[in-house]
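Chemist: Got a structure for you, questions after.
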Amino acid sequence: MGKTKCIMLIVTYKCNLNCVYCYEPKKLAHRMTIDTAKNVIMSQLASLDSEYDKIEIQFMGGEPLIEYNLIKELSEWLWTQDWGQRELVLFASTNGTLLDDEMKAWFSKNNDRIVLGLSFDGNALMQNVNRSHSSNYVDVDYFSSTWPNQSIKMTVSPYTVSSLSEGVTFLHSKGVKYIIADLATGNKVKWTVDSLEMYSHQLNKLIDFYLKNPNISPFSLLNLDIYSVARRQDIRKSCSCGEDLTCFDWDGKPYACHLFSPVTMPLEQAIRAREEIDFHNYNLFMSPKCNNCVLVELCNSCPGMNYICSGDVSQPSLFHCRAFKIEFAANCKFQLHKAYMSGDNAIINRISRIVNNIKL
């Protein structure tokens, strides 16, 4: 199987929202020019060997649709280039609030060549609490119908966790097949014991929902591979940042990903991370404490967020550990109930062994 090279382009620092959990505090006017974007892409392609058979270019921000004209011009230029045997994938993340009729027409026309990934935080109440009262400005139906197999990104904050089950079921009712959910993290987000208890309660409500609706794909936080805890593999990173993934800032300077770039952290810190962290040395990304954890194969702590919160790419926050244990327990319960409903004794015994051998 070939490899994928992901090229992130931070096309703008600007954003029209002020989300409660945002880890990108900058509201600067930095924007990427079309020439910078072309030069970055061509130089990256020139450096790739034959193992790479897929190129994914991601437009990031800020809010990328602020630079819609750049995205349109660059995309149409890319579609005229000779990619040989390589597959080209274009993707832009968006909060969806700036999508007007002209943009909809262009994206619809090219929906097989460029994908918009919507970030929307549940139902209208959750979206308004988290994302600057913006629910009325987002056409969720457009996204679910134009890219029916594209997941929607949902962020859960301490302020919206009590509505988690309602938010997930709402998105499914809007035709959203796949939901990638994360708990908000970062120095400005304050989770409490009570909010984590509510998180557990909401996961249990969603277990009931998915058991009653087996044809609906469970959202990501109830879709863990719990059996991987029995497989101890080589030390690894949870993503390919700084390797097959490279992020380019507005001025064309490279960083490991957007979390390690100046859009997220002070420029001096971003440069220090780029110069001092060897992203190919996986030993740097595993703390001795985590290596002894029975859940290490399943844990997906983000190196960038670890670095932002603790200054150490290997060390997740105590919150992450607690929340992940709650997720794992909920996933075991969910899979066990499904096995009981189907009468699959082999799965029942397998999950029971996992649960009995783990103390959370």
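The values are calculated or read from the model by the stated rules, or taken from the named source; none is laboratory data. These numbers come from a predicted model, not from an experiment. Neighbour counts are summed over all protein chains in view; Cβ atoms, including those assigned to glycine, are modelled from backbone coordinates with ideal geometry. Accessible surface areas use protein heavy atoms only, side chains included; no ligands, DNA or RNA. Shrake-Rupley method; radii C 1.70, N 1.55, O 1.52, S 1.80 Å.
Chemist: Counting only protein heavy atoms and using a 1.4 Å probe, what share of the accessible area of the chain belongs to carbon plus sulfur, as a whole percent? Working shown, then result.
Modeler: Working: 8620 of 17280 Å².
Here it works out to 50 percent.
Chemist: On alpha-carbon atoms, Rg over Rh for region 179-297 using Kirkwood Rh?
Modeler: Rounded to two decimals, Rg over Rh is 1.04.
Chemist: Quote to one decimal, in nm, the extra length available between R272 and D251 on full extension: 0.36 nm per residue of separation minus the C-alpha distance between them.
Modeler: 5.8 nm
Chemist: On to the next question. Provide the per-residue ³J(HN,Hα) series for region 269-284, in order, calculated from phi with Karplus coefficients 6.51, -1.76, 1.60 and θ = phi - 60°, each as a whole number of Hz, with x at glycine and proline positions.
Modeler: For region 269-284, the Karplus-derived couplings read 5, 5, 5, 4, 4, 5, 7, 9, 9, 8, 6, 8, 8, 5, 4, 5 Hz, x marking Gly and Pro.
Chemist: Provide the percentage of antiparallel DSSP beta bridges, counting only those with both residues in the chain; round to the nearest 5.
Modeler: Once the DSSP bridges in the chain are tallied, antiparallel ones form about 10 percent.
Chemist: Starting from region 188-226, pick out the chymotrypsin sites (Phe, Trp or Tyr not before Pro) whose DSSP state is loop and whose Cβ has at most 14 other Cβ atoms within 10 Å.
Modeler: Sparse-neighbourhood loop chymotrypsin sites (Phe, Trp or Tyr not before Pro): none present.
Chemist: Okay, next question. With runs of 4+ DSSP H residues as the only contributors, calculate the mean residue ellipticity of the chain at 222 nm using -39,500 (n - 2.57) per run, divided by the residue total and rounded to the nearest 500.
Modeler: That calculation yields -11500 deg cm²/dmol at 222 nm.
Chemist: Pull up all non-local amide H partners of E63: gap of 5 or more, or a different chain, and H-to-H distance under 5 Å with H placed in the peptide plane.
Modeler: Those lying under 5 Å, H to H, from E63 are K14, C15, N16.
Chemist: Picking from N123, N215, N283, which is most flexible by a Gaussian network model of the chain using Cα springs under 10 Å?
Modeler: Judging by the Gaussian network model, the answer is N215.
Chemist: Which residue fluctuates the most in the chain, going by a Gaussian network model with Cα springs under 10 Å, if the choices are Q335, Q127, Q85?
Modeler: Q85
Chemist: Which entry is the computed Cα extents along the principal axes in Å for this structure: (i) 74, 47, 40; (ii) 58, 45, 42; (iii) 67, 47, 36?
Modeler: (ii)
Chemist: Between N149 and R86, take the C-beta separation as r, use R0 = 30 Å, and let me know the FRET efficiency to the nearest 0.05.
Modeler: Working: r = 22 Å, r/R0 = 0.72.
It comes out at approximately 0.85.
Chemist: Sticking with this structure for a sec: Considering the alpha-carbon set of region 231-360 alone, what are its Rg and its Dmax in angstrom?
Modeler: Cα only, region 231-360: 18.4, 58 Å (Rg, Dmax).
Chemist: Just flag the chymotrypsin sites (Phe, Trp or Tyr not before Pro) in region 9-83 sitting in loop per DSSP whose Cβ has no more than 13 other Cβ atoms within 10 Å.
Modeler: W79, W83
Chemist: How far, in nm, would the chain grow between N110 and A29 when pulled straight, counting 0.36 nm per residue and subtracting the alpha carbon separation?
Modeler: Fully extending the segment from N110 to A29 adds 26.3 nm.
Chemist: Continuing with the same structure: So what are the ³J(HN,Hα) numbers for region 100-106, from phi and the Karplus equation (6.51, -1.76, 1.60; θ = phi - 60°), rounded to whole Hz, Gly and Pro as x?
Modeler: Residue by residue, region 100-106 yields 9, 5, 4, 5, 4, 5, 5 Hz.
Chemist: Next up: Keeping every protein chain in place, order I277, I66 by accessible area at 1.4 Å, biggest value first, i.e. largest first.
Modeler: Putting I277, I66 in descending order of accessible area: I66, I277.
Chemist: Please express the shape of region 51-177 as an equivalent ellipsoid: the semi-axes are the square roots of 5 times the eigenvalues of the C-alpha gyration tensor, given largest first in whole angstrom. List each step's numbers first, then the result.
Modeler: Values: eigenvalues 170, 47, 34 Å².
Taking √(5λ) for each eigenvalue gives 29, 15, 13 Å, largest first.
Chemist: According to a simple spin-label model (label point 7 Å from Cα along Cα-to-Cβ), what is the distance in nm between E243 and E297?
Modeler: Result: 1.8 nm between the two label points.
Chemist: Taking a probe of 1.4 angstrom, what is the accessible area of V20 in Å², to the nearest 10?
Modeler: V20 has an accessible surface of roughly 50 Å² with all protein chains in place.
Chemist: Using a 1.4 angstrom probe and counting only protein chains, how large is the accessible area of D101 in Å², to 10?
Modeler: 120
Chemist: Enumerate the calculated ³J(HN,Hα) couplings along region 83-99 in order (Karplus 6.51 cos²θ - 1.76 cosθ + 1.60, θ = phi - 60°), each rounded to whole Hz, writing x wherever the residue is Gly or Pro.
Modeler: 9, x, 8, 7, 8, 10, 10, 10, 8, 9, 7, 7, 8, x, 7, 9, 6
Chemist: What residues qualify as long-range amide H neighbours of Y178, i.e. H under 5 Å apart, gap of 5 or more or another chain, H built at 1.01 Å from N?
Modeler: I152
Chemist: Could you work out which residue, out of T169, T264, T80, moves most in a Gaussian network model of the chain, that is, has the largest mean-square fluctuation with Cα springs under 10 Å?
Modeler: Result for the chain, Cα springs under 10 Å: T80 fluctuates most.
Chemist: Provide the gained length on full extension for the span V355 to E51, in nm with one decimal, where the gain is 0.36 nm per separating residue minus the Cα-Cα distance.
Modeler: 105.4 nm
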